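Notes follow once the structure below has been shown.
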Amino acid sequence: MRRVSAVQEDVVTLRVAAKEVASDGVVVLTLRHPDGARLPDWAPGAHVDLILPTGAVRQYSLCGDRFDAFRYRVGVLREPDGRGGSAYVHDVLAVGDTVGVGGPRNHFPLVPSERYLFVAGGIGITPLLPMVRQADALDADWTLVYGGRTRASMAFLDELAAHGDRVHLVPEDECGRIDLPRWLADPQPDVAVYCCGPGPLLDAVERACAHWRPHALRTERFVAKEQGAPVRDEPFEVELARTGRSVTVTPGRTVLEAVRSVGVDVLSSCRQGTCGTCETDVLEGLPDHRDSILDDADRAANDCMFVCVSRSRTDRLVLDL
Ligand code: FES
């Protein structure tokens, strides 16, 4: 989780209606409009930007009831090594306080499937919780494998208890880590796999699903994936097809910064290639994808890029801006 100075076009001010401890290290906020107004619709996998009174902006998955039009619910893990956003939520933010909320946006949507395997690590349970509810409501055949450091650190166990043996809890101090080969060694042609959690779990699940069909696995990262050096270290040209402008992107400058410097605004939030806000269509040229969102098949299509982090493999890119 991170501090950014976001460009927000869709921010509403909401009031903290409830703040509850969900497990060791996790508090759950319920947010409502101060006037009791309806909130924008969302679907499982969506996140919002929480804009704290300190100015810090953090992204959190919505983990409440998508059919409750008046309340958003987010789970916030205390991050001892973070830059203070989660500590503020845990230690200072109180019921009755207001926060800015941007979004919701969804780059982790639940695709239709008859069977799902959900793999959650720690706070990664938050986007998967509404998916589990939706899969259950649709009578899909689903399984949730949910790992955490200890049982006491794992949020929402009471809500998940209602689902019986569809839910496999894996507290590490009791059972070790999630046995990925057990769940992923044999590719299942009709199973959609969803995973959210810490980077090492996501990396391991990606490796374990490498021999599954394209798009079988969908992941959401809260922290950017480690990227190597950019493909090229020379400047490249970005042409903005709709506005008819061009700009040179030099090493050390992002496409987002370059585009903004010629007066073209692009919505952004995380600026580290995890939230999906700055997604831009590519009309010509080959992007050097450096985000943590697209899978290999999406990257190969080369028809969109996340301009806060991705660059160019070619001398010129034409963007739909
Ligand atoms: S601003 Fe979040 S992916 Fe670019």
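With both residues required to sit in the chain, DSSP beta bridges show an antiparallel share near 60%. Close amide H partners of Gly197, meaning residues 5 or more places away or on another chain with modelled amide H under 5 Å apart, are Gly121, Glu220, Phe222. Roughly how tilted is helix 125-137, in degrees to the nearest 10 and between 0 and 90, from the longest Cα axis of the chain? Tilt of helix 125-137: around 70 degrees. Computing FRET efficiency as 1/(1 + (r/R0)^6) for Asp296 and Arg32, where r is the C-beta to C-beta distance and R0 is 45 Å, gives about 0.65.
In whole Å, what is the distance between the alpha-carbon centres of segment 42-83 and segment 91-113? Taking the Cα centre of segment 91-113 as reference, the centre of segment 42-83 is 3 Å away.
Under a model in which nothing but the beta-carbon of Lys, Arg (+1) and Asp, Glu (-1) is charged, the chain shows a dipole of about 640 debye around its Cα centre.
Relative contact order for segment 246-321: 36 percent, from Cα pairs under 8 Å spaced at least 6 residues apart, divided by residue count. Site-free segments of the chain were taken between trypsin sites (Lys or Arg not before Pro) in DSSP loops having at most 11 other Cβ atoms within 10 Å, sites themselves excluded; the longest one is 39-241.
Counting only alpha carbon atoms, the long axis of helix 199-208 and the longest principal axis of the chain meet at about 90°. Considering only Thr98, Ala17, Ala37, the residue lying farthest towards the positive end of the dipole of segment 11-105 is Ala37, judged by Cα position with unit charges set on Cβ.
Most simply put, segment 61-163 has about 10% antiparallel DSSP beta bridges, counting only bridges with both residues inside it. Neighbour counting of Cβ atoms within 10 Å sorts the residues Cys304, Cys175, Cys275, fewest neighbours leading, into Cys175, Cys304, Cys275. Cβ crowding within 10 Å, taken as a proxy for footprinting-reagent exposure, orders Thr250, Thr219 from fewest neighbours to most as Thr250, Thr219. The distance separating the Cα centre of segment 14-40 from that of segment 242-304 comes to 33 Å.
Out of all DSSP beta bridges with both ends in segment 115-220, state the antiparallel percent to the nearest 5. The answer is about 0 percent antiparallel.
We did not get these values from a lab; they are worked out from the coordinates using the rules stated. This one's a predicted model, so the numbers in the text were calculated from it and none came from an experiment. Neighbour counts are summed over all protein chains in view; Cβ atoms, including those assigned to glycine, are modelled from backbone coordinates with ideal geometry.
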